[in-house]
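First the structure, in the form of structure tokens, and then the observations on it.
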Amino acid sequence: MVEQIRRALVTGASSGLGAHFARHLADRGVEVVLVARRGDRLRQLADDLTTASEIVVADLADPDDLGRVGERLARRDAPVDLLVNNAGFGAFGGAGELGGGVQAGIVEVNVLAMVRLTTAVLPQLLERGVGGVINVGSLAGELPTPGATVYGASKAFVRSYSQGLVDELRGTGVHAMLLAPGVTHTEFGEVAGTRGDRLPGVLRSDAEDVVRQALAAFARRRSQCMPGVHNRAARHAVRLVPTPVTRRISGYVHGQLGRA
């Protein structure tokens, strides 16, 4: 399926999973539209890519910037075949400790921007009957996350929204997939204030490997990709363990990750 994609738009492309998505897609001959706040990073990345690229400097928490990206996705003269909703961030701390602006920002980027951009691209994808959407969620979307409550809730929305799209798009030629990695080596932890290095290396995923597995799963039209045996085991355990127990274990883990 990836072979049918001529142009992709990747949000949060300036680093981490987004940058790896851009590189891997370009290596497959796909032109890439790079979206992020840091224009200097995007220009450096564009110089390294092996295919043509566009740069859209935008903060998806800003309504005007989000509108510009939506307009780019809706264009039919240079259509986007694949949207990778990768942009997102989190913050550690209790719901009563984090500022309201921070918590609202998480929802704006992780939830509202994803919905707006997906809504913008779907009409032209359905018109041509090709391509699709990859939404980057998280293992955190599978369980309650005390200490990172808004982040976990936002990723639960991504999970539910993505799985609903899978059935809505069935038979159209357009495909949606949820990518739900666990803790991954990216700049996310620096922004969120987490200490992912406190987890054993075997429990942390490599960003390039996550993207490689995601594109392979998308090509096979999988509805979900959760890289890492340990992450899939954790997901199954969550479904077997009573919710009060899950909450306490999750709260302890997130408390450790968020502690300076």
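Miscellaneous remarks
- L49 being of a type outside the set (V, I, T), closer than 22 Å to D81 by Cβ and surrounded by 21 or more Cβ atoms within 10 Å (Cβ to Cβ): no
- Count - residues of region 17-27 that are under 9 Å from T51 (Cα atoms) and surrounded by fewer than 20 Cβ atoms within 10 Å (Cβ to Cβ): 1
- Of the helices (runs of 4 or more DSSP H) lying entirely inside region 73-188, the ones with 2 or more residues being within 27 Å of A216 (Cβ to Cβ) are found at 113-128, 149-168.
- Just so you know, in region 1-16 the residues that are among the polar types (S, T, N, Q) and closer than 27 Å to T172 by Cα include one that is surrounded by the most Cβ atoms within 10 Å (Cβ to Cβ), and it is T11.
- Search result, residues across region 34-44 that are crowded, with 23+ Cβ neighbours inside 10 Å and either over 19 Å from G88 (Cα atoms) or in contact (Cβ under 8 Å) with a residue 40 or more places away in the chain (or both): V35, A36
- The requirement of being closer than 23 Å to R28 by Cβ, aliphatic (A, V, I, L, M), modelled with pLDDT of 95 or more and buried (at least 19 other Cβ atoms within 10 Å of the Cβ) is fulfilled somewhere in region 215-238, by at least one residue.
- The sole residue among V102, V115, V109 that is free of Cβ contacts under 8 Å to residues at least 60 places away in the same chain, closer than 16 Å to A156 by Cβ and surrounded by fewer than 18 Cβ atoms within 10 Å (Cβ to Cβ) is V115.
- Qualifying residue in region 9-32 (condition: over 21 Å from L179 (Cβ atoms), in contact with a helix residue (DSSP H, G or I) (Cβ under 8 Å, 6 or more places away or on another chain) and hydroxyl-bearing (S, T, Y)): no
- Residue in region 54-63 that is under 20 Å from L125 (Cα atoms) and free of Cβ contacts under 8 Å to residues at least 40 places away in the same chain present: yes
- When residues of region 31-66 are limited to those that are part of a loop (DSSP other than H, G, I, E, B) and over 19 Å from the mean Cα position of the chain (by Cα), the one nearest to R116 (Cα to Cα): A52
- Failed item, numbered, when P79 is tested on (1) at pLDDT 95 or above; (2) farther than 20 Å from V174 by Cα: (2)
The values are calculated or read from the model by the stated rules, or taken from the named source; none is laboratory data. No experiment lies behind these values; they were computed from the predicted model shown. For neighbour counting, all protein chains shown are included, and Cβ atoms are generated from backbone atoms with ideal geometry for every residue, glycine included.
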